[in-house]
Amino acid sequence: MNRAEQKQRTRLRIIDVAVRQLGEQGLSGAAVQRVMNEVGLTHGSFYAHFDSKADLVAEALKSALRTASDRMFGRVARLTTPERRKRLLDTYLSLAHRDAPGAGCPLASTSADVARSSANVRRAYEGELRNIIEHIEADFDGPADDAAHAHAVGTLALCVGGLLLARAVKDPALSDDILQSCRQFGAEPEEAQADIHHGVDRE
């Protein structure tokens, strides 16, 4: 392995560690010193790979969100629209996902921090968020359908918000109830669909 390949391999290792720490602790978890200690390198060597912590966080967010999109949202393909929606809800709002933040979708663990972060971090986040919404939208009904877009945005918000609340509470019974209620609500969107179509017609 030549020097350039070794440097790229080290860079990817740094990003992988930052991705896991983002999932577990949010943006504050990806502290340069903590990441580099786990990688086994000095703090000073960090700057051979990134200009700043914000650059690392932006790259880690993009990597984490792309992985989450492939793993969490890619599972709904090749099913009917109701089956896709239910599969997404069951996967995202599961006990396993709730209990493994370091290995799950980073939207629930990072979104609040991103709102207060630097411009390049917010750009990275927003770009990947748009991709996820488009992915869900296409899987549901097709990107040309106004209702499909609203369903995609609403379903994603329900997933992320439900998971965030379920992780925040201490009572296991309440946490389980939040997940179950969100799954049930999201899987029965007929009334919401009617409201969306009425709104489109009025416009």
**OP:** Go through region 1-105 and tell me which helices (runs of 4 or more DSSP H), entirely inside it, have 1 or more residues that are polar (S, T, N, Q).
**Re:** 3-25, 32-39, 53-68, 81-92
Original post:
Out of all the residues in region 79-128, which are within 30 Å of Leu174 (Cα to Cα), crowded, with 19+ Cβ neighbours inside 10 Å and of a type in the set (A, V, I, L, M, F, W, C)?
Top reply: Leu88, Leu89, Leu93, Cys105, Leu107, Ala108, Val114
Original post:
Given the conditions (1) in contact (Cβ under 8 Å) with a residue 60 or more places away in the chain; (2) within 18 Å of Thr67 (Cβ to Cβ), which single one is not true for Arg11?
Top reply: (1)
Subject >> Odd one out for Leu56 among (1) farther than 26 Å from Gln8 by Cβ; (2) surrounded by 15 or more Cβ atoms within 10 Å (Cβ to Cβ); (3) of a type outside the set (D, E, K, R); (4) more than 16 Å from the chain's Cα centre (by Cα) >> reply: (1)
Original post:
Would you say Val35 is surrounded by 15 or more Cβ atoms within 10 Å (Cβ to Cβ), at pLDDT below 90 and closer than 25 Å to His97 by Cβ?
Top reply: no
Original post:
Under 8 Å by Cβ, and 6 or more places apart or on different chains, what pairs join a residue from region 122-135 that is closer than 14 Å to Ala60 by Cα with one that is part of a helix (DSSP H, G or I) and of a type in the set (Lys, Arg)?
Top reply: Ala124/Lys62; Gly127/Lys62; Glu128/Lys62; Glu128/Arg66
Subject >> Residues of region 121-141 that turn out to be over 25 Å from Lys53 (Cα atoms) and either at pLDDT below 85 or over 13 Å from the mean Cα position of the chain (by Cα) (or both), as a count >> reply: 8
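For region 150-161, name all the residues that are more than 9 Å from Ala108 (Cβ to Cβ) and buried (at least 18 other Cβ atoms within 10 Å of the Cβ).
Within region 150-161, Ala150, His151, Ala152, Thr155, Leu156, Leu158 meet the criteria.
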Original post:
Is it fair to say Ser45 is over 30 Å from Ala147 (Cβ atoms) and either surrounded by fewer than 18 Cβ atoms within 10 Å (Cβ to Cβ) or of a type in the set (Gly, Ala, Ser) (or both)?
Top reply: yes
**OP:** For region 47-69, state whether one or more residues are within 27 Å of Asp177 (Cα to Cα) and at pLDDT below 85.
**Re:** yes
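The values are calculated or read from the model by the stated rules, or taken from the named source; none is laboratory data. Only a predicted model underlies this, so the values are computations on that prediction, with no experimental measurement involved. Cβ: placed from backbone, ideal geometry, glycine included. Neighbour counts: every protein chain shown.
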